[in-house]
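In what follows, a structure is listed as structure tokens, so that the remarks can point back to it.
The values are calculated or read from the model by the stated rules, or taken from the named source; none is laboratory data. Since the structure is predicted, the reported quantities are computational estimates derived from the model, not experimental observations. Cβ placement follows ideal geometry from the backbone for every residue including glycine, while neighbour counts extend to all protein chains displayed.
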Amino acid sequence: MNIRIKSLIRLVALLALVAPITAAEWSKYSGPNAAFYHTSNPVPTGTEVRIKVAAVGKSAEPKVLEFYGNSGVISEHRRVWTSVVKDQVLTYKLTKNMKVGIEVSGQNFWRRATEITSKDGYQEMRFADGWILHVKLVGQDF
């Protein structure tokens, strides 16, 4: 077999191994008491979650949710921002390998996650009542 073809096959095999950690896939969870977006797989330690507030809706707070390891169970630990304004950039650095969720909520209420769209280098996450967040994961593996 030609050396160039062998090299190409090796490169494709290597990229297939790397692909799951180079781009996060996001899903929407809708349950009886909450609706948020979350990564389908754990995100590496040290990754920075960057959220640009594209539109501020009715009273609520953006939050980053942490999951226990690879599970679908949300931990009590989360990052909450209060009094955010349009175009504000919120950042949060992961201290361990975990799945990540994004929600907009307040005490005893949630803004429904309505639509997620992949844009150039980030995810546009829309929530009920006018909230729009642009979310990007930044790290050495992304």
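Miscellaneous remarks
- For region 34-74, the set of residues classified as charged (D, E, K, R) and at pLDDT 90 or above consists of GLU48, ARG50, LYS52, GLU61, LYS63, listed by residue number.
- Selected residue (criterion: farthest from THR45 (Cα to Cα)) from residues of region 104-138 that are of a type in the set (Lys, Arg) and at pLDDT 90 or above: ARG126
- Search result, residues across region 91-142 that are within 16 Å of TYR29 (Cα to Cα), part of a strand (DSSP E or B) and of a type in the set (D, E, K, R): GLU103, GLU115, GLU124, ARG126
- Residues of region 68-88 classified as closer than 21 Å to PRO44 by Cβ, part of a strand (DSSP E or B) and β-branched (Val, Ile, Thr), total: 1
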